[in-house]
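Report on the following structure.
The values are calculated or read from the model by the stated rules, or taken from the named source; none is laboratory data. Every value quoted in this text rests on a predicted model; they were computed, and no experiment measured them. FYI the Cβ positions are ideal-geometry reconstructions off the backbone, even for glycines, and counts take in every protein chain you see. For accessibility, only protein heavy atoms count, side chains too; no ligands or nucleic acids. Shrake-Rupley method; radii C 1.70, N 1.55, O 1.52, S 1.80 Å.
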Amino acid sequence: MDLETVVVSHGAEELLRRCLRSLREHPPAGEVIVTVVDSGSPDGTPDMVEREFPEVRLIRRGNIGFAAANNLALRKSAADAVLLLNPDTEVYAGTLDTALARLRSEPRIGMVGVKLVTETGELDHACKRAFPTPLSALAHFTGLGRGEDAPDALAQYRATDLGEDEPGEVDAVNGAFMLCRAEAVRAVGLLDEGYWLYMEDLDWCHRFWDAGWKVFYEPRGVALHVKGGSSGARRAPRQEIAFHRGMARFYRRFEAPRSNLLLNAAVYAGIGAKLAASLAITAVGGRGGAAQEERP
């Protein structure tokens, strides 16, 4: 099974260098292509790729958004499998072979994610997720669903029914590492470019399941994920707006049709209130700090 790895980068030169080095040092068996889509980097990132990684195919574009930039490469790919990889990740020895082996193990597995760990060695809980409900999303963002003793209904978003070292089917994996069967991508379609940044990964996973393709979490493969490394320690206002618009778009597509009008109104009002609060925090943070939120 030949593989094409697609990395979309907007800046983050040093992180991308580390990512590409890891791909060079730990390639899987078989034919491998690495494509970097530079989405309007304001620094010397694309020149670095051209200079230091001549084996990498480089596509230069403006800042067209994460989904649209990945789709540029997906449309051209002729590989049997495509890995969407964030520039703030690094693969280890055996990571790609393990993920590919899982993808090959069952013909209806359409997407595989691996165990993502932070620089401190802790689990990035977003590497295995359940589709958010209004309750679990509220619990996640307030922190009530993140504690070790949180009830299942509140912790549901983190797919706590599956242990971090237990392989199995999950609703969704993280967009930082999404290994996809090309046949499944052709059946499901490309990433939804209505999402500029954030939530496009959850949307795609939902559409994989809707089309009859399984999404699988494989913890025997491990990759480093520098949380927020490619988007900065704080979201810019445009990123905050994209984040919350993505939440509303995902809810409108998958949850709103089966919910009542009162609940829908409450959810949209909640998203709007959260956006207002996040923009206020971002404004204050510009003069003193605000942490990057975890990708929902």
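Values as computed for the structure displayed
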quantity	calculated
Subset tally (residues that are within 11 Å of LEU224 (Cα to Cα), outside any loop (DSSP other than H, G, I, E, B) and either among the charged types (D, E, K, R) or open to solvent by 50 Å² or more (accessible area, probe 1.4 Å) (or both)) for region 91-134	1
Meets criteria (without any contact (Cβ under 8 Å) to a residue 12 or more places away in the chain and either in a helix (DSSP H, G or I) or open to solvent by 40 Å² or more (accessible area, probe 1.4 Å) (or both)) for ALA68	no
Checking GLY221 against (1) at pLDDT 90 or above; (2) assigned to a helix (DSSP H, G or I); (3) under 23 Å from the mean Cα position of the chain (by Cα), the condition it does not meet	(2)
Count of residues meeting criterion [among the hydrophobic types (A, V, I, L, M, F, W, C), open to solvent by less than 30 Å² (accessible area, probe 1.4 Å) and over 21 Å from VAL7 (Cα atoms)] in region 166-207	1
Subset of region 224-241 (residues that are open to solvent by 50 Å² or more (accessible area, probe 1.4 Å), assigned to a loop (DSSP other than H, G, I, E, B) and either modelled with pLDDT of 95 or more or not charged (D, E, K, R) (or both))	ALA233
Answer from GLY147, GLY212, GLY163 - the residue that is assigned to a loop (DSSP other than H, G, I, E, B), in contact with a Gly (Cβ under 9 Å, 6 or more places away or on another chain) and surrounded by fewer than 15 Cβ atoms within 10 Å (Cβ to Cβ)	GLY212
Residues (touching a helix residue (DSSP H, G or I) at 6+ places or on another chain (Cβ under 8 Å) and either modelled with pLDDT of 90 or more or of a type in the set (Ser, Thr, Tyr) (or both)) located in region 127-160	LYS128, ARG129, ALA130, PHE131, THR133, SER136, TYR157, THR160
ALA137 vs. criteria farther than 23 Å from LEU23 by Cβ, under 19 Å from the mean Cα position of the chain (by Cα) and not in a strand (DSSP E or B)	yes
Restricting region 30-43 to residues that are open to solvent by 20 Å² or more (accessible area, probe 1.4 Å) and touching a helix residue (DSSP H, G or I) at 6+ places or on another chain (Cβ under 6 Å), the residue that is modelled with the highest pLDDT	VAL34
